[in-house]
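Asker: The structure that follows is given in the form of structure tokens.
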């Protein structure tokens with residue numbers, strides 16, 4: 001069975017338990033796959049990368065909302081008319 005690992009770096013759970021910061025820093029600010037029995041159990045992602053991913057996801061959600069509503073009639077009233 002082929003397992004897809006979406007990172008360049010990987011470490012075992014045992015390595016993570018022994019020295020979490022060493023494992024996290026060994027990926028040089030990139031995500032690292034944490035393996036359990038040679039299969040990815042989870043990904044360890046640096047805080048800055050995670051924040052960037054969340055910003056990107058939010059942008060995609062806003063784009064989806066925009067696309068859903070772009071053909072709706074717009075309201076021409078000003079703020080004083082509301």
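The values are calculated or read from the model by the stated rules, or taken from the named source; none is laboratory data. Model, not experiment: these values are computed from the prediction. Glycine also receives a Cβ, built like all others from the backbone with ideal geometry; neighbour counts cover every protein chain displayed.
Asker: Of the conditions (1) farther than 26 Å from residue 1 by Cα; (2) modelled with pLDDT of 95 or more; (3) more than 16 Å from the chain's Cα centre (by Cα), residue 35 clears all except one; give me its number.
Answerer: Unmet for residue 35, out of (1) farther than 26 Å from residue 1 by Cα; (2) modelled with pLDDT of 95 or more; (3) more than 16 Å from the chain's Cα centre (by Cα): (1).
Asker: Out of 25, 16, 63, which single residue is assigned to a helix (DSSP H, G or I), in contact with a strand residue (DSSP E or B) (Cβ under 9 Å, 6 or more places away or on another chain) and surrounded by 10 or more Cβ atoms within 10 Å (Cβ to Cβ)?
Answerer: Within the list 25, 16, 63, the selection yields 16.
Asker: Checking residue 15 against (1) touching a residue at least 12 places away in the same chain (Cβ under 8 Å); (2) in contact with a helix residue (DSSP H, G or I) (Cβ under 7 Å, 6 or more places away or on another chain), which test does it fail?
Answerer: (1)
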